Each structure stands twice: as structure tokens, then as C-alpha cells.
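Asks: Next up is a structure, given as C-alpha cells.
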Number of protein chains: 4
Amino acid sequence: MTKTVDPDPPAARVGRPRSERSRSEVLRAASDLMREVGLRAMTTDEIAARSGVGKATIYKWWPNKYAVAVEAFLAAMDTAAADPDTGSAERDFRLALRGIMQFYRGPNGRVFAQLIGEAQSHPDIAAELRHHLMQPRREVGRAIWDRGVARGELRTDIDREIAVDLVFGPAMYRLLATDAPLDAETADAIVAAAMRGLAAV
Amino acid sequence: MTKTVDPDPPAARVGRPRSERSRSEVLRAASDLMREVGLRAMTTDEIAARSGVGKATIYKWWPNKYAVAVEAFLAAMDTAAADPDTGSAERDFRLALRGIMQFYRGPNGRVFAQLIGEAQSHPDIAAELRHHLMQPRREVGRAIWDRGVARGELRTDIDREIAVDLVFGPAMYRLLATDAPLDAETADAIVAAAMRGLAAV
Amino acid sequence: MTKTVDPDPPAARVGRPRSERSRSEVLRAASDLMREVGLRAMTTDEIAARSGVGKATIYKWWPNKYAVAVEAFLAAMDTAAADPDTGSAERDFRLALRGIMQFYRGPNGRVFAQLIGEAQSHPDIAAELRHHLMQPRREVGRAIWDRGVARGELRTDIDREIAVDLVFGPAMYRLLATDAPLDAETADAIVAAAMRGLAAV
Amino acid sequence: MTKTVDPDPPAARVGRPRSERSRSEVLRAASDLMREVGLRAMTTDEIAARSGVGKATIYKWWPNKYAVAVEAFLAAMDTAAADPDTGSAERDFRLALRGIMQFYRGPNGRVFAQLIGEAQSHPDIAAELRHHLMQPRREVGRAIWDRGVARGELRTDIDREIAVDLVFGPAMYRLLATDAPLDAETADAIVAAAMRGLAAV
DNA sequence: GAATAAACGAGACGGTACGTCTCGTCTTATG
DNA sequence: CATAAGACGAGACGTACCGTCTCGTTTATTC
């Protein structure tokens, strides 16, 4: 099977084509609104009003405002998580976690937290976030882990997923459930503790 | 001054006193509804209908349905987090994390996740949860840590809060942002990894 | 006949007697409120608050706020309609209608109109008003009529009730359904027209 | 310029046009409800439920249920008051008043009374009723009067408005403030008395 | 260049939950 | 025992947002 039809590109569909301008205006308006009033307070009517796009058009291309929000959020941020690859797993983890903390701390951090929050009641949002946000991040973590194991820097008797959870979990815990700081020093301290362990000797 | 402050007890307030029955019925109805239809789909009208309490009475004592939900949730669960205190910090952490994972896995787990989710848009809910749920849990973690340090089982160069984050953070990360399992084996593996660290030797 | 049984006075009923102060305070508060905010906007709670009387006490002695309003209204106004009896039916009617118009025009006029309005949906209010307000007024009209007939000033082939309607009806018509003036000149014009008739010669 | 101003007709307004079906269903439902349960007991929710129209739509086009009621009432009745014009003012008045009495007596009579009643607390309802109900009726009365004067049947020293009040006032007085009958004989008696006057000779 | 087709903006629509308000009843402690 | 204070159940109110629909218009491909 050599990759079949591919429905869109040469399709040259009849009728008026989808307006790219509308799409981008909707996403921009949603992105702004999320930051200004928050995810919950943002209304579809306001997105429509700000973007100059009809409400029906929004509902034609997105199932609800949360889908718009997720797409707007992903488009607005640099979705590709950078993989440091400095030659040291500890240094890589440090840089990766610092990046995450910085992101959480920034203007998109609260929006992200609200999206994760909304996802607890909307399985489709949850799936979308997991696929486009969490997975890429974890993938970087896994790559760091694998390289460290290959270099003999890391234990081999620990499940890779557990290891990634240990490094990335505390940051989200702090973001969503505490008001503890999310700064670079904290990132470094978490990575240091995770690497060397809590037990004495 | 013999008479201690204590403004209320002998107050013998004038007028009809608040109905304890109404309060408990509201909380019970809310608790049931959260489990049955979820936090978002639960409506104030339905709480009123099920509890036989007037809607105005609900709004008199709680500002909105989320405040009811938080109180109902706290009342419904054994809010006092048990402190194992087995004489070993690792064993204590293991038991504590197993307890948390079991709670997350159970019927209240999803409700809790939805509450944390809602808290991202409602600062007052967030404060309530932090004060009545997160803090007691962390307090147990801190006690375990302090005892372990006193016994010489744990490192002394690690910030206590970081240590608690390392043990409890991954569980919440899994609950809210992944669909990874939340079983006892995972709890044990997380504690083991946290104690011994990720770095080789 | 020296004033008969009258069940209460010597009864020396057991328990705390009804507070006359409460009764009058309720009526005073209701009377004020009706004039200030209107009959519909007046609430039982506000009557209670202003009068310093418990709401339950109000409902103990009156079935609802409209009953309070009727009683307050009757108490506040000089309920006894004066019978002029000048020796001339036309002059009597003129004076009576002038009095009615003046009353309609005054601060109690709008309250009265609102009571009549409310009575359209509350048969008990209607009955109360008819008995204590309309009937005494009509009685004066009937007396004027009878004296005029006896004096030979008035036709004998007209039903007395019709005659009274003809003199008093236009005023209420103006009060309730038009914004035509309610002054003494109008009163005189109505009586003059009613007396002499509309037909030429 | 041949094409006269006429701003609306070819307007071809943008957006979905107002649903005529919704409007008429609301009015029909309100009309039914007023007759069935009365004006006060009729609720906006019930109008919405019966008409299959959203509550928000009702509030979009009418400020409250009374505005709906007035419009429904006017639409349901033959708003154009017929002008008899028989060639005799007395006969014209008789027919007109008979018609009014019949209307008051009928199923719409009580609704009308309740509307007038409500108007005592709602100036906008009052204005609406005056403009669309009272004025047309009075206009007929004025026309009858003018024709009678032209034909020399009626006095010329009586104010036209006073004359109309004299004929139409008693009927409303009876409807709203007494329980006296509203039949054709009464109508005839009133007109007869008004025409010939109350005074002897 | 006319016909066809789809997407578009505007905005009205049915539905539903919200939080507020008033009614008339009740449950206390007080006089 | 009547009272004042005030909490209560019931239920209507008017608002807000959701997601759908119905217009007339615009922008493309197809004949």
C-alpha cells in the first residue's frame, strides 16, 4: 500500500474555499481572550465579535470553544519542546525542567493550567492536550533518559516512565495544587534531588 | 480576664437557628451528584430538588455550587490524612503514597480531579482545597521527612518541600495529565526511585 | 340598644394580649410604603423592618400584604364620606364629586387606584374595598338622590343606581383609564351635564 | 423624486430575520393563559413552554410578561371599535355601550379588567392600553357626538370629553369597582339617563 | 459569462442554568 | 402565650451563554 488518495491537496474542491483569514483571526481572538479574561469567562460570542467571524463558522470548524482554545493555545506557543542534549543527563533534565517552569511561570502558564483543569471534565480536551502537549514533553524526557542510560550515567533498574514522572511531576503539582514558586532554582533543586535520591548514603 | 474570647458558643442567637438538617442534606445531595454526573453537570437546582432545600437557602450559605462541592467533598472523605509512622521513612512514604493513589483511583478520585480542575478558574476554591486537602497531606509528608532526618535515614542537604514534591508530585501529574496507572506497584516504584535517586552509583 | 355582647373586651383572655402598638405600627409602615414605593413594590419584609414587628405577627393578623394595605389605607384616610346636604341635589352632587376628585388627585389617589387594580386579581381585596370604600360613597349618593326626589328636583323614572353611576362613574373612569384631569371644574361640568342631560331641548 | 422615503420595506436586513411564527405562538400562548389562569398567575416560563419559544427570545422582544399580555390581548380582540352611525346619536350611543358591556361581560372582560388593574402599577402598560384601547373607543364616542351636534340632536354647551365620559364612564366603574350587572338593559338605561338628564323638567 | 456550490457575516432562535427576589411558614429565645 | 428575629421551602424572575438555524452575500469551480 503506497499511501492512497490523500483527500485534500489536489482536491480543488468546488465552492468557496475555507477562509484562512477567518481561521487565524478566530485563533488570535481566542488566544487574546484566554489571557485577558481566562478560559471560562471567554465566550464564543466574544470570540466571534472580536475576530469578525460568524459564530456559525466557528462551530463549523471547531466543536466548541475549548477546542478553539486548545488549538489557539498550541498555535500561540512554541509547541516543539526543545531537546537540550548537552551530553549530560542531569544537565539535560535541568535545562528541560527550567524550560517547563519558565513556561508555567509565564502568561501562558495560567492558561495552560486552566486547560488542564477544563480537561478534567472534557475527555476530548484531555486527549488533545495529552497528544500535543504532554507527549512531546515526555518524549524529550525519554530521550534524555535513554541517552543517559546508554552513557551509563543512570540506573538501569528504574522504569523510564517513573523516571520522567519524577522529574516532571513536581512542577505540575506545584502549578496546579500549590502556590509554591516555579523558578529556575527550584527546577535545579528538584533535578538534583531526583538524581541523587532522598536517602542518606 | 477569666472569660476567654470565644464569641459564639453561649451566643444564644436570636431568631431561628440555621437548620443543621438542611446543611447536611445539601452536602449529601451534592456529594451524590458529583459522583453521578460530575462536578460541571451538577446544577444548583438539582441539589435543591434532591435535598428538599430551597435554592435561596443554598445561596445564603454558599456563594455558588463549587463552594458546596468543596465542602461536600471534604465532608464525605476522611479528611484527616493518616500518618503511618512505622519507624522507616521509606516505608512511611510508601504507605502514604499508596493511600493517595488508592484515593485517586477510587470514586472520589475523579471528583477530586474535577475540583482541582475547577480551582484553576476559581481562586477561592483553590485556596479552600489547598488549605483543607493539600496542606494536611503535605504535613504528613513533612512529618515523615522530619522523623527520617532525625533517624539519619535521609539526606540533610535537601529542602523538605522539594522532597515532599518529589514523592507526591508524580501521582498528581499522572492523575491530571496522563492516563498512566495509579496502582500500589507504581507508588512503590516512585518511592523507591525517589529514595535511591536516578543516577547510577 | 346599649351596645351588645362584643365578644372580646371583658374576655380578659389568657396569655399575652395582642399588642395594639404592633398593629398600629404595621399600618403606619404600610401606609408610608404604599405612598413611597407603590403597592406592588412594597414587601412584607420591609413592612416588618420598618414597623419593628415580626413578619409572623403580620401574617398572624392579616392574610397577606394586600389585606394590610387595605386596612392601612382605610385607616389613613377619612373613611367616612361626608354627606353635604345643602338642600339642593345638584349642589350636593357637586360637592360630593369635588371631594372624590380631590381625593383621587391627592397622594392617596394613586394608592387607591393601585388597590382597585390589585382587586382585579384578588377577590377578597375587591370585596373589602367595595364594602368599606365604594358602598359608603354610593350611600351618600343614594341619600342625595332620595332627598332630591323627595324635594321634586329629580326625575322619578330613573333607577337610583344608574343615577349614582352617572355621577360617580366618570371620575373613576378618568382615574383608572385615562390621564384626563380630575379637578373641581371637571367635577362641576360632569354634574351639570348629568343633571341637564346631553340631548338638545 | 418618485420613490418615496419608506425606509424599511426593501431594507433586506442582514442576519436571520425575526421569526413571525415565534411571535404569533407567544401571543397565542399568552392569550390562552390569561383566560385560563389570569394575568397574575400566568408566568413567562409557561408562555415559553406552551409556545415552544425560548424565554430569552420572549425577553428580547418584550420587556416583561405584561407587555406580552397587552399585545396578545389587543391581537386577540377585534381592536377596531365599530362606529354604528345609525343617524341618531342616542341610538349610536346605545349600540356602542351595548358593545362595550358585552365585551366586559365576556371572557375577555376579566382579562381586560386585570390589564387595567396592572396598568395602575405599570405606566407603560397604562400608556399602551390608553393608546390602543381607550382612545379608539373614545374616538367612536366623539364621532357619535360630533354627528349628533351637527344634526342638532345634542347640546352645544357641553364639552365633548365630558359627554363621552358620561356615557362610557359608568360601565368601567361597574366593571372595576362594583359587582353590578353589565347587561344591555343597563346600557340602554345609562344612555337614556345621560341623554335626558337627572333633573326633573 | 452564466450556473453551481460552498463558505461566509450577521444575528435570531430554543434550551438551560444561573443567582436573586418575594411570599408565606417555621422555629428559636425573649418578654 | 404573643412576640422579634430570622431561617426556611417554594417557585417566578430576568440574564447569560451555548450550540443551531436562517437569511443574504461572497468567492471559488464548472459548464
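Asks: Filter segment B:180-194 down to the residues that are more than 7 Å from chain A (Cβ to nearest Cβ) and open to solvent by 10 Å² or more (accessible area, probe 1.4 Å), then identify the one that is farthest from B:Ile144 (Cα to Cα).
Replies: The qualifying residue farthest from B:Ile144 (Cα to Cα) is B:Pro181.
Asks: Restricting attention to segment B:13-39, which residues are open to solvent by 70 Å² or more (accessible area, probe 1.4 Å) and either in contact with a Cys (Cβ under 7 Å, 6 or more places away or on another chain) or not in a helix (DSSP H, G or I) (or both)?
Replies: Within segment B:13-39, B:Arg13, B:Val14, B:Arg16, B:Pro17, B:Arg18 meet the criteria.
Asks: Looking at the structure I just gave you, is D:Leu133 in contact with a Ser or Thr (Cβ under 8 Å, 6 or more places away or on another chain), over 22 Å from D:Arg21 (Cβ atoms) and open to solvent by less than 70 Å² (accessible area, probe 1.4 Å)?
Replies: yes
Asks: If we keep just the residues of segment B:152-178 that are more than 7 Å from every other protein chain (Cβ to nearest Cβ) and free of Cβ contacts under 8 Å to residues at least 40 places away in the same chain, which is farthest from A:Arg137 (Cα to Cα)?
Replies: B:Thr156
Asks: Return yes when B:Leu133 is in contact (Cβ under 8 Å) with a residue 40 or more places away in the chain, more than 26 Å from B:Glu71 (Cα to Cα) and facing chain A (nearest Cβ under 9 Å) and no when it is not.
Replies: In short, no.
Asks: Moving to a separate point now. Yes or no: C:Pro84 at pLDDT below 95, within 30 Å of D:Ser121 (Cα to Cα) and in a loop (DSSP other than H, G, I, E, B)?
Replies: No; evaluated as a whole, the condition is false for this residue.
Asks: Another question, then. Return the pairs, sorted by first residue and then second, in which the second residue is within 6 Å of DNA strand E (Cβ to nearest atom), the first residue lies in segment D:53-66 and is closer than 15 Å to D:Glu20 by Cβ, the beta carbons are less than 7 Å apart, and the residues are 6+ apart or on different chains.
Replies: D:Val53/D:Ser22; D:Thr57/D:Ser22
Asks: Which residues, counting only those in segment C:89-111, are over 14 Å from C:Arg35 (Cα atoms) and facing chain D (nearest Cβ under 9 Å)?
Replies: C:Ala89, C:Glu90, C:Phe93
Asks: When you check D:Val14 against the structure, is it modelled with pLDDT under 95, within 11 Å of DNA strand F (Cβ to nearest atom), among the β-branched types (Val, Ile, Thr) and more than 27 Å from D:Ala127 (Cα to Cα), yes or no?
Replies: Against the criterion (modelled with pLDDT under 95, within 11 Å of DNA strand F (Cβ to nearest atom), among the β-branched types (Val, Ile, Thr) and more than 27 Å from D:Ala127 (Cα to Cα)), D:Val14 qualifies.
Asks: Also, quick follow-up: Quick check: is even one residue across segment A:112-120 facing chain B (nearest Cβ under 10 Å), in a loop (DSSP other than H, G, I, E, B), at pLDDT 95 or above and closer than 30 Å to B:Gly38 by Cβ?
Replies: Yes - at least one qualifying residue is present in segment A:112-120.
Asks: Give me a count of the residues in segment C:142-151 that are open to solvent by less than 50 Å² (accessible area, probe 1.4 Å), away from chain D (no Cβ under 11 Å) and touching a residue at least 24 places away in the same chain (Cβ under 8 Å).
Replies: 1
Asks: Considering only residues that are more than 20 Å from the chain's Cα centre (by Cα), within 16 Å of DNA strand E (Cβ to nearest atom) and open to solvent by 50 Å² or more (accessible area, probe 1.4 Å), which ones fall in segment B:47-103?
Replies: B:Ala49, B:Arg50, B:Gly52, B:Lys55, B:Ala56, B:Thr57, B:Tyr59, B:Lys60, B:Trp61, B:Pro63
Asks: While we're here: Name the residues in segment C:159-179 that are open to solvent by 30 Å² or more (accessible area, probe 1.4 Å) and assigned to a loop (DSSP other than H, G, I, E, B), would you?
Replies: C:Asp159, C:Asp179
The values are calculated or read from the model by the stated rules, or taken from the named source; none is laboratory data. Since the model is a prediction, treat every value here as computed from it, not as a measurement. As a convention, Cβ positions derive from the backbone with ideal geometry for all residues, glycine included, and neighbour counts pool all protein chains shown. Protein only, heavy atoms only, side chains kept; ligands, DNA and RNA dropped before computing areas. Shrake-Rupley method; radii C 1.70, N 1.55, O 1.52, S 1.80 Å.
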